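Structure first, then comments.
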Amino acid sequence: MKIPETVLECIRVLWEAGYPSYLVGGSVRDLLLDREPEDYDIATVATPEQVTALFPRVIPTGVEFGTVTVVLDRPLEVTTLRSDGAYRDGRHPSSVKFGCSVEEDLARRDFTVNAMALNPLTGTLVDPWGGRLDLSNKILRAVGEPQERFREDGLRLLRAARFVSQLGFQIEEKTLQALMQEAGRLQGVARERRGHEFSLLLVGPNVRAALELLVDTGLMASLIPELMEGKGLKQGRLHPDDVLGHNIRTCSLTPPDLKLRLAGLLHDVGKYQGWTEGPYGRYFPGHATRSAALIPEILSRLCFKKR
C-alpha cells in the first residue's frame, strides 16, 4: 500500500538530519495487512527539541513523554524512542528514559502485532517479537509477560477484545489466561477510555466473537453488568438463546453503525426484571419500556454524549 508522501517526507527529513526514524505500532500492522492506516505514528532517536528545530510548525502535544505533532499537509505524531519505568497507577510510567534503541522501545508495547517498526525509505522491518508471523497466523499475543502488560494499563484488556472484533484474531492461550486473571483491572480504567474502546469494538466485523469474549473473561461485568443478568435466563419457544445470547446475536446482525449496534445489544437488556410463564413458554410483558429506561444510565456510565 502506498504510504502518503507527507509521511515519507517527515521521515526523510529526520534521517537526513542524522536521526534514524521509523513508522511504528498500528500503522505498520495495517500496512502489512494491506489496510489503510487511520494514522501514522513516527518514532525517532531525535528529542522533541531536535524535531522542533527541523520543521516550520510543531505542536508540543506531549513533550514529557517525548511526543510532538509535526504539521505538514497533515498532522503527524512524532515520539522519541523510549523505555518506561514501572507503571504505578495502571496507565502512566513512573519514569521515562529517552535515547533507547528501537528494539527497547518496541518492548514496552502491548501486543506483538503492534510491536514492529518500519523504515519506509528502505523497506526494513524491525520485528523482535515475531509480530509478522503472529499477524499471518491471526494470533494476538502479548509482548513479553502478558500479566505485566495488562497491569501496566488495564485498557489493554479491552483492546484485546477490540482487535478480535476488528481483525478476527484469536488470542494466544497464555495471553488469554492473563486477560481472565487481570479482568478486574478494567474497573480502574477511566470511563471515557472504556467507552471509546468499546465503541470501536462494537463496529468491528467480528463483533459477536468479541462480545462473547467479554462475557467469558468477565470483562462485560465491568462494562454493562445489566447484560450479564440475562445470562442463563431462558425465553419462549421462538428464542433458542438465553436473553444475553439473544442481545449479542441481535447486535451482531445489525449493520456496523454504532447507534444500531448499541440498539441491538441493549434492546432487551431489561428483560431480567420480570417475566411470566405462559402456555408457549416464558414471556416478558413491558420489557421494552424497562429496557429503554436502563439505557441512559448505561450509556452515561460509558461516557457517551447525552444526545
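The values are calculated or read from the model by the stated rules, or taken from the named source; none is laboratory data. This is a predicted model, so every value here is computed, not measured. Quick reminder, even Gly has a Cβ in these numbers, built from the backbone with ideal geometry, and neighbours come from all protein chains shown. Surface areas here come from the heavy atoms of the whole protein model, side chains and all, with no ligands, DNA or RNA. Shrake-Rupley method; radii C 1.70, N 1.55, O 1.52, S 1.80 Å.
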Query raised in the report: Being over 17 Å from the mean Cα position of the chain (by Cα) and crowded, with 19+ Cβ neighbours inside 10 Å, is that true of even one residue in segment 199-209?
Result: no
Query raised in the report: Can you pull out the helices (runs of 4 or more DSSP H) entirely within segment 11-124 that have at least 2 residues that are at pLDDT below 95 and not hydroxyl-bearing (Ser, Thr, Tyr)?
Result: 102-106
Query raised in the report: What are the residues in segment 263-307 that are touching a residue at least 60 places away in the same chain (Cβ under 8 Å) and over 16 Å from Gly230 (Cβ atoms), if any?
Result: Arg301, Leu302, Cys303, Phe304
Report summary line: Contact list, first residue from segment 205-224 and closer than 19 Å to Leu299 by Cβ and part of a loop (DSSP other than H, G, I, E, B), second anywhere and open to solvent by 10 Å² or more (accessible area, probe 1.4 Å) and of a type in the set (Lys, Arg), beta-carbon distance below 9 Å, six or more apart or interchain, is Ile224/Arg301
Query raised in the report: charged (D, E, K, R), in contact with a Gly (Cβ under 6 Å, 6 or more places away or on another chain) and either crowded, with 17+ Cβ neighbours inside 10 Å or farther than 21 Å from Glu192 by Cβ (or both) - does that describe any residue in segment 257-266?
Result: no
Query raised in the report: What pairs come up if the first residue lies in segment 186-204 and is touching a residue at least 12 places away in the same chain (Cβ under 8 Å) and among the acidic types (Asp, Glu), the second is part of a helix (DSSP H, G or I) and open to solvent by 50 Å² or more (accessible area, probe 1.4 Å), and their beta carbons are under 7 Å apart, counting only those six or more places apart or on different chains?
Result: Glu197/Arg159
Query raised in the report: With respect to Val164, is the statement that it is over 22 Å from Thr112 (Cβ atoms) and buried (at least 18 other Cβ atoms within 10 Å of the Cβ) true?
Result: no
Query raised in the report: Can you name every residue in segment 3-53 that is open to solvent by 20 Å² or more (accessible area, probe 1.4 Å) and at positive phi?
Result: Gly18, Asp34
